[in-house]
Structure formats: C-alpha cells, structure tokens
1. Can you give me the number of residues within region 44-58 that are at pLDDT below 95 and assigned to a loop (DSSP other than H, G, I, E, B)?
2. If I filter region 35-51 for residues that are closer than 17 Å to ARG72 by Cα and without any contact (Cβ under 8 Å) to a residue 60 or more places away in the chain, do I get at least one hit?
3. On the basis of being under 10 Å from the mean Cα position of the chain (by Cα) and either farther than 20 Å from ARG72 by Cβ or part of a loop (DSSP other than H, G, I, E, B) (or both), does MET5 make the cut?
4. Out of the residues in region 14-34 meeting the condition of being acidic (Asp, Glu) and either part of a helix (DSSP H, G or I) or without any contact (Cβ under 8 Å) to a residue 12 or more places away in the chain (or both), tell me which one is surrounded by the most Cβ atoms within 10 Å (Cβ to Cβ).
5. What number of residues within region 25-34 satisfy the criterion of being touching a Lys or Arg at 6+ places or on another chain (Cβ under 6 Å) and under 23 Å from ASN78 (Cβ atoms)?
6. Got a number for residues in region 54-77 being crowded, with 19+ Cβ neighbours inside 10 Å and farther than 13 Å from VAL4 by Cα?
Amino acid sequence: MAQVMVYGTPTCPDCLRAKQYLDGHNIAHTFYDVGADTAKASELKEKTGQMGMPVFEIDGQIIVGFERMAVRQALGLNDSTNPPAADKSQLKVENGNGQ
C-alpha cells in the first residue's frame, strides 16, 4: 500500500476535494494542516519550493495541486469514474500536535 500524505488547509476547496477523492477510494492517508502546523509548512516549502496547495506526497513522489490523473497514476488506480464524495463531517485534519 502506498504511503500517502496531503499538505493543505481545511478551508482550501481543492484540498477538501483531494481528501474526499482519497476517502472515496479508501486510500489511507495523512492530511497535514499547514496553516496550523508551521513545521509542516516549512517542510512543504522545502520539498516543493512553493506554498501552492494541495500537495500530495505518494511514496516520495510530489504532486502539486489536485491533478487527478497524476494522483490516480501514482496510486495505480484504473477507475474511470469518481466515487461519491466523502461526508465533510468525517474529515480528519492533523495539525502536527496529534490533534
């Protein structure tokens, strides 16, 4: 199984869509809120040289923005349809402090 991390903020619409996409495909992932976690924000800038969001890190591969095709390829997904959107009330955001 791929190690998947997403860097973003809970108020970013593309970040929420990215998280819903992963949830809809039952892809385990960690979402880092770079607005609340300055260490993760610095890590993101170091890895990408920018602060555009969302940023996916899939088994070490960096994808800036919600580039659905690139994410699908990195995850090895073959689907041609989108699963139903995840319930936003179930979004888990990690701020780096275990909260």
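The values are calculated or read from the model by the stated rules, or taken from the named source; none is laboratory data. The model shown is predicted, which means the values in this text are computed figures rather than measured ones. In this analysis, Cβ positions are derived from the backbone assuming ideal geometry, glycine residues included, and neighbour counts consider all displayed protein chains.
1. The initial filter retains those residues of region 44-58 that are at pLDDT below 95, namely 44-53.
This time we only want the ones that are assigned to a loop (DSSP other than H, G, I, E, B), so: 49-53.
Count: 5.
2. Initial filter on region 35-51 (closer than 17 Å to ARG72 by Cα): none.
Checked region 35-51: no residue is closer than 17 Å to ARG72 by Cα and without any contact (Cβ under 8 Å) to a residue 60 or more places away in the chain.
3. On the way: under 10 Å from the mean Cα position of the chain (by Cα): yes; either farther than 20 Å from ARG72 by Cβ or part of a loop (DSSP other than H, G, I, E, B) (or both): no.
Judged against the criteria, MET5 is not a match.
4. Step one: filter region 14-34 for residues acidic (Asp, Glu), giving 14, 23, 33.
Filter once more, so that each one left must be either part of a helix (DSSP H, G or I) or without any contact (Cβ under 8 Å) to a residue 12 or more places away in the chain (or both): 14, 23.
Details: ASP14: 13, ASP23: 21.
The selected residue is ASP23.
5. 0
6. 1
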